[in-house]
Amino acid sequence: MAKTTLDPDLLKKIVETSRKETQYVREQVSKRASRLSISSAAAQILWAKELGIGTAHALRRAPDPVKNEVRDELRSGAESPPLAKPRASLRRATRPRAKQLDRATVGYVLQDEELRARCVDLIVAPKHHDRALREATTVLEDRVKKLSGINGMTAVPLFGKALNPDPTKAVLVVSDEKEGQAGIYHICLGVMEAFRNKTHHNLSNSFTQVDAMKFCGFVDTLLAVLAIAKVYSVRI
């Protein structure tokens, strides 16, 4: 396990959010790191994400080993199989009425600061939730442009160059293994082709508030993966 120091800015935010003493927070970070067998810096970032604290800047400053630990823990959490629903609940023909989402709930779920700032109002709005999908895909495309430094391209060629399925050719490398790199590439491209084009060129009233929340949450996951990508110069 790599010996790394805690990010002081992130430590301060955790102390303020949790309302605990600095020493207590340090001890809890150490315990989390020991339990997960990762560095304290990675454990600190993961705890901050749980508290709804933006971690993009801390991730960018972190050394590659810490980024890899955070990425692996996020992936292992995403890959955990959901609990099976009782068979009786699956037989219910009517869909339960969803509760109205509030700003606090949406803001807690969305960890990316830019996505949260631009989409919370659109998700909690009473109607026109296709706007949330439109804005979320724009944030995703803009993030790939900013991280890669590639401009002047539409989504398909942009993603093909920035997130090339071959990690030896990609500008943003999320995995050194071809399968992992190709997976993120195809997911991001699929999101743009399946949802961005539909919502950018047409207005739709078919998306509910829950649809908007689930979609923005998925984009938030993709942005978290991109945040810890290795960035290379544009490759020929």
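The values are calculated or read from the model by the stated rules, or taken from the named source; none is laboratory data. Everything numeric here is computed off the predicted structure, so don't read it as measured data. No Cβ is skipped: glycine too gets one built from the backbone with ideal geometry, and neighbour counts run over all protein chains shown.
List every residue pair whose Cβ atoms lie under 7 Å apart, where the two residues are 6 or more positions apart in sequence or sit on different chains, the first residue falls within the stretch 179-192 and is closer than 13 Å to D166 by Cβ and in contact (Cβ under 8 Å) with a residue 40 or more places away in the chain, and the second residue, located anywhere, is among the hydrophobic types (A, V, I, L, M, F, W, C) and crowded, with 17+ Cβ neighbours inside 10 Å.
That search, which allows pairs on different chains as well, returns I184/L163; I184/V174; I184/V225.
Does any residue of the stretch 208-226 turn out to be out of contact with any Cys (no Cβ under 9 Å at 6 or more places or on another chain), farther than 28 Å from G54 by Cβ and among the charged types (D, E, K, R)?
No, the stretch 208-226 contains no residue that is out of contact with any Cys (no Cβ under 9 Å at 6 or more places or on another chain), farther than 28 Å from G54 by Cβ and among the charged types (D, E, K, R).
Among what's in the stretch 199-212 and is in a helix (DSSP H, G or I) and touching a residue at least 60 places away in the same chain (Cβ under 8 Å), pick the residue that is surrounded by the most Cβ atoms within 10 Å (Cβ to Cβ).
A212
Taking the stretch 31-59, which residues are exposed (fewer than 14 other Cβ atoms within 10 Å of the Cβ), over 14 Å from the mean Cα position of the chain (by Cα) and in a helix (DSSP H, G or I)?
K31, S34, R35
For the stretch 138-147, indicate whether the set of residues that are crowded, with 18+ Cβ neighbours inside 10 Å, charged (D, E, K, R) and touching a Ser or Thr at 6+ places or on another chain (Cβ under 7 Å) is non-empty.
No, that holds for no residue.
Does the stretch 114-132 hold any residues that are under 15 Å from the mean Cα position of the chain (by Cα) and closer than 22 Å to L189 by Cα, and which are they?
Passing the criteria: E114, L115, R116, R118, C119.
Residue-by-condition table, conditions (1) at pLDDT 90 or above; (2) closer than 18 Å to L223 by Cα; (3) in contact with a strand residue (DSSP E or B) (Cβ under 7 Å, 6 or more places away or on another chain):
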{"residue": "A2", "(1), (2), (3)": "no, no, no"}
{"residue": "I14", "(1), (2), (3)": "yes, no, no"}
{"residue": "T22", "(1), (2), (3)": "yes, no, no"}
{"residue": "L36", "(1), (2), (3)": "no, no, no"}
{"residue": "S39", "(1), (2), (3)": "yes, no, no"}
{"residue": "A62", "(1), (2), (3)": "no, yes, no"}
{"residue": "K67", "(1), (2), (3)": "no, yes, no"}
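Out of curiosity, is K169 surrounded by fewer than 19 Cβ atoms within 10 Å (Cβ to Cβ), not assigned by TED's automatic domain parsing to the domain that holds N68 and not in a helix (DSSP H, G or I)?
Considered against the rule, which asks whether it is surrounded by fewer than 19 Cβ atoms within 10 Å (Cβ to Cβ), not assigned by TED's automatic domain parsing to the domain that holds N68 and not in a helix (DSSP H, G or I), K169 comes out as yes.
Is it the case, given these coordinates, that G180 is farther than 15 Å from R131 by Cβ and within 15 Å of the chain's Cα centre (by Cα)?
no
Being aliphatic (A, V, I, L, M) and within 23 Å of L122 (Cα to Cα) is the filter here, so list the residues in the stretch 132-154 that pass it.
To start, the set of residues in the stretch 132-154 that are aliphatic (A, V, I, L, M) comprises 132-133, 136, 139-140, 144, 147, 150, 153.
Across the stretch 132-154, the qualifying residues are A132, L133, A136, V139, L140, V144.
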